[in-house]
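Below: the structure, in C-alpha cells.
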Amino acid sequence: MSKEGGLRSLAEGHPVLVAMAAGLVAGAVAAVSDRMLDPLVTQKQKRRDRRVREAPAHRIAGPHFGAKLLGRRLDAREKKRARALFGVIYGLGWGVIHGRLTGRYPFLTRWGGLPFAVPFFFACDGLIAPSLGLSPRLGRIPWQPSAKELGNHIAWTAAAELVHRVAGVRS
C-alpha cells in the first residue's frame with residue numbers, strides 16, 4: 001500500500017483523527033504566520049495594542065486558565081508550558097470543529113478555506129476571547145494587530161485544508 005493510500009484509508013476510517021491532526025499542523029503554521037506578520041505591525045500600533053490588552057488572546061489564554069486551575073500565579077516556565085498545552089488543546093478542538101463544519105458545509109473549503117477563516121477570526125477574537133475576559137472587544141484593538149490575527153486565522157485554515165486534501169478528505 002502506498003503512503004498516499006494509507007493516508008486516504010486513515011481519513012476514511014478516522015476523519016476525526018485527520019481533523020485533529022489538521023488542527024495541530026495548522027497551529028504550527030499559524031505560529032510561523034504570526035512571526036512572519038509581526039514586523040508588518042508598526043511600533044506605534046504595538047504600543048496602542050499594549051494599552052488595551054496584555055497580549056493577543058492566544059498568547060495569554062494558557063497561562064490565564066492554568067493560573068485559574070491551579071489557584072495561583074504561574075512562574076515563567078509554567079506559563080510557557082501552559083501556552084504549549086493551550087496550543088495543543090486549541091488545535092485539537094478547532095481542528096475537530098473545522099473538520100465537522102467543512103464536512104457538513106463544503107462551501108467553507110473554497111479558496112483555501114477563506115469562508116471558514118473569516119468567521120473563525122470573528123468567533124475567536126470578536127466573541128470568545130472578549131467573553132472570557134482574555135481580550136477587549138475588537139473595536140478597542142488597533143486595526144493592524146487585528147489584521148495580523150485575521151492573517152493568522154487564514155493561515156491556520158489554509159493549512160488545515162491542505163492536511164484534509166493530502167489525506168484525501170477533500171479533492
Members of the stretch 65-101 that are open to solvent by 60 Å² or more (accessible area, probe 1.4 Å), of a type outside the set (A, V, I, L, M, F, W, C), part of a helix (DSSP H, G or I) and over 23 Å from Val169 (Cβ atoms): Lys68, Arg77, Lys79, Lys80, Arg81, Arg83
Count of residues meeting criterion [open to solvent by 60 Å² or more (accessible area, probe 1.4 Å) and either in contact with a helix residue (DSSP H, G or I) (Cβ under 7 Å, 6 or more places away or on another chain) or not in a helix (DSSP H, G or I) (or both)] in the stretch 102-124: 3
Residues that are in a helix (DSSP H, G or I), closer than 26 Å to Phe65 by Cβ and open to solvent by 30 Å² or more (accessible area, probe 1.4 Å), drawn from the stretch 137-147: Leu138, Gly139, Arg140
Options Leu150, Leu134, Leu127; residue that is in contact with a helix residue (DSSP H, G or I) (Cβ under 8 Å, 6 or more places away or on another chain) and open to solvent by 40 Å² or more (accessible area, probe 1.4 Å): Leu150
Search result, residues across the stretch 46-64 that are open to solvent by less than 70 Å² (accessible area, probe 1.4 Å) and in a helix (DSSP H, G or I): Lys46, Asp49, Val52, Ala57, Ile60, Ala61, Gly62, Pro63, His64
Matching entry among Leu138, Leu114 (being out of contact with any Pro (no Cβ under 6 Å at 6 or more places or on another chain), hydrophobic (A, V, I, L, M, F, W, C) and in contact (Cβ under 8 Å) with a residue 24 or more places away in the chain): Leu114
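The values are calculated or read from the model by the stated rules, or taken from the named source; none is laboratory data. A quick note: this is a predicted structure, and the numbers were derived from the prediction, not measured. Because the Cβ atoms are built from the backbone with ideal geometry, glycine has one as well, and the counts that use them run over all protein chains shown. To get the accessible areas, we keep the full protein, side chains included, count just its heavy atoms, and leave off ligands, DNA and RNA. Shrake-Rupley method; radii C 1.70, N 1.55, O 1.52, S 1.80 Å.
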